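The values are calculated or read from the model by the stated rules, or taken from the named source; none is laboratory data. Small disclaimer: the values here were computed from a predicted structure and weren't measured. Positions of Cβ are generated from backbone atoms using ideal geometry, with glycine treated the same way; all protein chains shown enter the neighbour counts. Accessible surface areas use protein heavy atoms only, side chains included; no ligands, DNA or RNA. Shrake-Rupley method; radii C 1.70, N 1.55, O 1.52, S 1.80 Å.
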Amino acid sequence: MRVEEWAARYARAWEDADDEAVGALFTEDATYRSDPFAEPHSGRDAIRRYWRDVTATQASVEVAVGRVIAVGEQALVEWWTQMNVEGSPVTLPGALLLDFDTRGLCRALREYWNLEIGRRVAPPEGWGN
């Protein structure tokens, strides 16, 4: 699987709150670090649990993925998400730092994001390029 396809599937899984679909993007022993100050979610089952929990309060999720930058088995993917969290509109831009195996499955993910209350109509000019 190419990184661009992986990123598109990740965005769809988020929009659909589909923990099975997101789990299929990771190796069995993958790590998913959603917070730089906390331990990562380790293993496909833990990643699925994390997604079930975090997406349970999200609705009307719209994910835009920027241009993928890949070097060897590592990639950077920028994303811009608008959604409702517990009924309130938010904008959540961020980036994924990814490490892939030879099959195109992610074995390590680190994400960084910023939360803005309210919806921004579009990303700023030049975003995702």
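Under the condition of being modelled with pLDDT of 95 or more, in a helix (DSSP H, G or I) and not acidic (Asp, Glu), the residues counted in the stretch 2-28 number 12.
Among GLU78, GLU62, GLU111, which is surrounded by fewer than 14 Cβ atoms within 10 Å (Cβ to Cβ), part of a strand (DSSP E or B), within 13 Å of the chain's Cα centre (by Cα) and of a type in the set (Asp, Glu)?
Values: GLU78 fails: surrounded by fewer than 14 Cβ atoms within 10 Å (Cβ to Cβ); GLU111 fails: surrounded by fewer than 14 Cβ atoms within 10 Å (Cβ to Cβ).
Unique residue meeting the criteria: GLU62.
If GLU116 satisfies all but one of (1) charged (D, E, K, R); (2) closer than 28 Å to ASN129 by Cβ; (3) touching a residue at least 40 places away in the same chain (Cβ under 8 Å); (4) open to solvent by 60 Å² or more (accessible area, probe 1.4 Å), what's the number of the condition it fails? Every listed condition holds for GLU116 apart from (3).
The single condition among (1) part of a strand (DSSP E or B); (2) of a type in the set (Ser, Thr, Tyr); (3) surrounded by fewer than 17 Cβ atoms within 10 Å (Cβ to Cβ) that THR31 does not satisfy is (3). Filtering the stretch 56-71 to residues that are more than 25 Å from GLU86 (Cα to Cα), in contact (Cβ under 8 Å) with a residue 12 or more places away in the chain and touching a strand residue (DSSP E or B) at 6+ places or on another chain (Cβ under 6 Å) leaves GLY66, VAL68.
Within the stretch 15-28, the set of residues being open to solvent by less than 20 Å² (accessible area, probe 1.4 Å) and among the hydrophobic types (A, V, I, L, M, F, W, C) comprises VAL22, LEU25, PHE26. Can PRO93 be described as open to solvent by 50 Å² or more (accessible area, probe 1.4 Å), under 26 Å from GLY126 (Cα atoms) and part of a strand (DSSP E or B)? Against the criterion (open to solvent by 50 Å² or more (accessible area, probe 1.4 Å), under 26 Å from GLY126 (Cα atoms) and part of a strand (DSSP E or B)), PRO93 does not qualify. Residue-level analysis places ARG103 outside the set of residues that are surrounded by fewer than 16 Cβ atoms within 10 Å (Cβ to Cβ), under 15 Å from ALA17 (Cα atoms) and of a type in the set (D, E, K, R). Kindly indicate whether any position in the stretch 48-55 is buried (at least 17 other Cβ atoms within 10 Å of the Cβ) and in contact (Cβ under 8 Å) with a residue 40 or more places away in the chain. There is at least one residue in the stretch 48-55 that is buried (at least 17 other Cβ atoms within 10 Å of the Cβ) and in contact (Cβ under 8 Å) with a residue 40 or more places away in the chain.
For the residues ARG48, ARG2, ARG9, the requirement of being farther than 22 Å from GLY87 by Cα, basic (Lys, Arg) and in contact with an Asp or Glu (Cβ under 7 Å, 6 or more places away or on another chain) singles out ARG48.
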